[in-house]
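This report refers to the structure that appears directly beneath it.
No lab work stands behind these numbers, since they all come straight from the coordinates. This structure is a prediction, so every number in the text was calculated from the model and none was measured. Note that each Cβ is placed from the backbone with ideal geometry, even for glycine, and that neighbours are counted across all protein chains shown.
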Amino acid sequence: MAIFSVYVVNKAGGLIYQLDHYAPRSDTEKTFSFPLDLVLRPHDERVVVAFGQRDGIRVGHAVLAINGAEVNGRFTADGKDVLEFLGNAANYPVSIRFGRHRLSSNEKLMLASMFHSLFAIGSQLSPEVGSSGIEMLETDTFKLHCFQTLTGIKFMVLADPRQTGIDALLRKIYEIYSDFALKNPFYSLEMPIRCELFDQNLKLALEVAEKAGPFGPGS
Amino acid sequence: MSRSPGRKQENHKISRELFVLTYGALVAQLCKDYEKDEDVNTCLDRMGYSIGVRLIDDFLARSAVKKCRSYSETADMIAQVAFKTYLGVTPSVSCSSAAGNEFSLILDKNPLVDFVEELPAERASLCYCNLLCGVIRGALEMVHLAAEVTFLQDRLKGDAVTEIGITFLRKPEDRKHKRN
């Protein structure tokens, strides 16, 4: 049972706080010889596995490092194009690390504002007047829970689908926000939260919620 | 005044005298800094406003109240829950307009003025508790309710009771898409 991450979005839809609490590390590093039996293709700014899943290397995993040196998007650390490098027999045997690409902070900002808009659309689509926005988004690998306060701040928690007690956790995060962020006189409203005490107390609250497990209070 | 993490709903009490003295010192210092009463009043209101915009989230987080659906519900909430939680007094609410957007809170006990008898002669138009008006105004603004809050009557000025007037202003544009 795990809580993956916490996002706090301000009234305007900007991300003001983000915490990755638990990221299932699924990197695999393997040595390959020519020819490569995986099919790679470029995707956005990365090189991803298109076909040939094996040994923990899944379709969709990105090339993270070649011979220990982290790749820079589609180029190796030396500046060579990754696909060209891997197409050249002279470079083998080569050790490549594959893994799930982690979101950059810009991507997180963008996704948070998109969710903010979807949240508003959710409440407008409702056949009932005065409906709330999206409260939960469920997929097969995680559940996203969202709580919007009456002042317009949204707290989002991404957790394992079997994790319970998230509603209580969201209220607790609201309390922690009102204590350690708002009562800090040097914190300006709507700005990114950079308060050490907020971090510490949030992590503590997440640990408590995780320990409560699937038999915890609430839903 | 840091709290230990993992604390439940205990109220962390400090001495009420300290709070009243702090407020008194604040007003006294402002009187020294500004000559005109209006300036002191404005300053207190502004300070109250920045307190109110932060206090509202604390209030909502701890009291878990539902959204108020009318002005009179809001005024009742302020008087019966908020004042009780933060100042320990419960003013009485009355609606003072046919349109239903003007309310007054009558305070028979005001802890902030426990040790103040009356205003000095040269400070006749000072609103001693103007901070409270700012707090209410700031808090209401954060839940998308614009309001004007002033002291209608003040015991310190010789009136019979202390009365705070809240006038909810109607916003020109439709608030529907903001309130979800």
Per-residue Cβ neighbour rank within 10 angstrom, fewest leading, B:168, A:98: B:168, A:98
Mean separation of Cα contacts under 8 Å (6+ apart) over length of segment A:150-202, as relative contact order %: 29 percent
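Over all residues in A:170-178, what is the mean tally of Cβ atoms on other chains that come within 10 Å of each residue's Cβ? Display every interim value, and only then the final one.
Details: counts 0, 3, 1, 1, 6, 8, 2, 3, 9.
Counting other chains' Cβ atoms within 10 Å and averaging over A:170-178 gives 4.
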Rough spin-label spacing in nm, given labels placed 7 Å along Cα→Cβ, for residue A:200 and residue A:53: 4.4 nm
Taking chain A and dividing mean pair separation by its residue count, relative contact order in percent (alpha carbons under 8 Å, at least six apart): 23 percent
Angle between chain A longest axis and helix A:105-125 axis [Cα atoms, degrees, rounded to 10]: 50 degrees
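Which order results if A:59, A:71, A:47, B:116 are arranged by neighbouring Cβ count within 10 Å, fewest first? Walk me through the numbers on the way to the answer.
Working: A:59 12, A:71 20, A:47 25, B:116 16.
Result, fewest neighbours first: A:59, B:116, A:71, A:47.
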Gyration tensor (Cα) of the protein assembly as shown, equivalent ellipsoid semi-axes in angstrom: 56, 22, 20
Chain B: relative contact order in percent, alpha carbon pairs under 8 Å with at least 6 residues between: 24 percent
Where labels lie 7 Å past Cα in the beta-carbon direction, separation of residue A:72 and residue A:94 in nm: 1.7 nm
Nearest-ten-degree value, helix A:166-176 long axis tilted from longest Cα axis of chain A: 70 degrees
Packing rank of A:124-131, A:75-82, where each peptide gets the mean count of other beta carbons within 10 Å, highest leading: A:75-82, A:124-131
Within 10 Å of each Cβ in B:84-91, the average number of Cβ atoms from other chains: 0
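Report the full-extension gain for the segment residue B:51 to residue B:32: residue separation times 0.36 nm, less the Cα-Cα distance, to one decimal in nm.
Values: separation 19, 0.36 × 19 = 6.84 nm, distance 2.22 nm.
Separation in residues times 0.36 nm, less the Cα-Cα distance, equals 4.6 nm.
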Which of B:12, A:21 has the fewest Cβ neighbours within 10 Å, and the rest in rising order: B:12, A:21
Choice from B:82, B:28, B:64 showing the highest fluctuation, given a GNM over chain B with Cα pairs closer than 10 Å: B:64
